[in-house]
Amino acid sequence: MQMQFILAPEPDDITRERGRLLFAAPVDFVKGVVAMSGMPPGDRLEVCFAGRSNVGKSSLINALTNRKNLARASNTPGRTQEINFFATTGGPYLVDLPGYGFAEAPLPIVKKWQELLKAYLSGRVNLRRAFVLIDARHGVKKVDEEILTLLDRSAVTFQVVLTKIDKIGRVDRDRVVEQVKAALSKHPAAHPEIVLTSSEKGEGIEILRTIIATLE
């Protein structure tokens, strides 16, 4: 039976408040990691954020945590080659993975990053969900398929978050959502709910906060 993919619904008042409280409390940078040996203790749940370079990942994390510079955006694709850990208060780690698909990075750096990514996804037992960010203007591209397949193989549940939804009109939005649904139907690790977001307009941020706050 093929899974049915839907847009993530608005949360009820109780779960919305859980999301608000989690991200109203302090969120602190823990460390940047370049090897599995440097990972912080897996003593709490964690969620990670993955996406192509320039997909708006830093902007989304900043909007999610209601902080301007928690995650620092770079104008140079592939510049940040660390896995960055942020600790919520009484909640999960937020893990910012380096942007993938960067064309300007040297091949040795790309290879090292790919190996670290594979090791992290397959070896981090407290990882509850990966949020894969997809630019709503482009939909799922070949380089995204590679990360989705890796998540399947690693048996990590992932949820697609469409970014920059405010940059396209309703017709294009509906078209890209259908394209994403079709792409996800090939991936057994895909979560059935797709989140539409705009870091600039705040759209979908409360939904994403609620999802993270209610993970078990």
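At-a-glance table
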{"read-out": "Residue within region 126-142 that is aliphatic (A, V, I, L, M) and open to solvent by 40 Å² or more (accessible area, probe 1.4 Å) present", "value": "no"}
{"read-out": "Search result, residues across region 122-144 that are more than 21 Å from residue 60 (Cα to Cα) and modelled with pLDDT under 95", "value": "122, 123, 124, 125, 142"}
{"read-out": "Selection within region 32-65 - touching a residue at least 12 places away in the same chain (Cβ under 8 Å) and of a type in the set (S, T, N, Q)", "value": "53, 54, 58, 59, 62, 65"}
{"read-out": "Single unsatisfied condition, residue 87 versus (1) at pLDDT 95 or above; (2) open to solvent by 50 Å² or more (accessible area, probe 1.4 Å)", "value": "(2)"}
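The values are calculated or read from the model by the stated rules, or taken from the named source; none is laboratory data. Given the structure is predicted, the values throughout are model-derived calculations rather than measurements. Glycine also receives a Cβ, built like all others from the backbone with ideal geometry; neighbour counts cover every protein chain displayed. Accessible surface areas use protein heavy atoms only, side chains included; no ligands, DNA or RNA. Shrake-Rupley method; radii C 1.70, N 1.55, O 1.52, S 1.80 Å.
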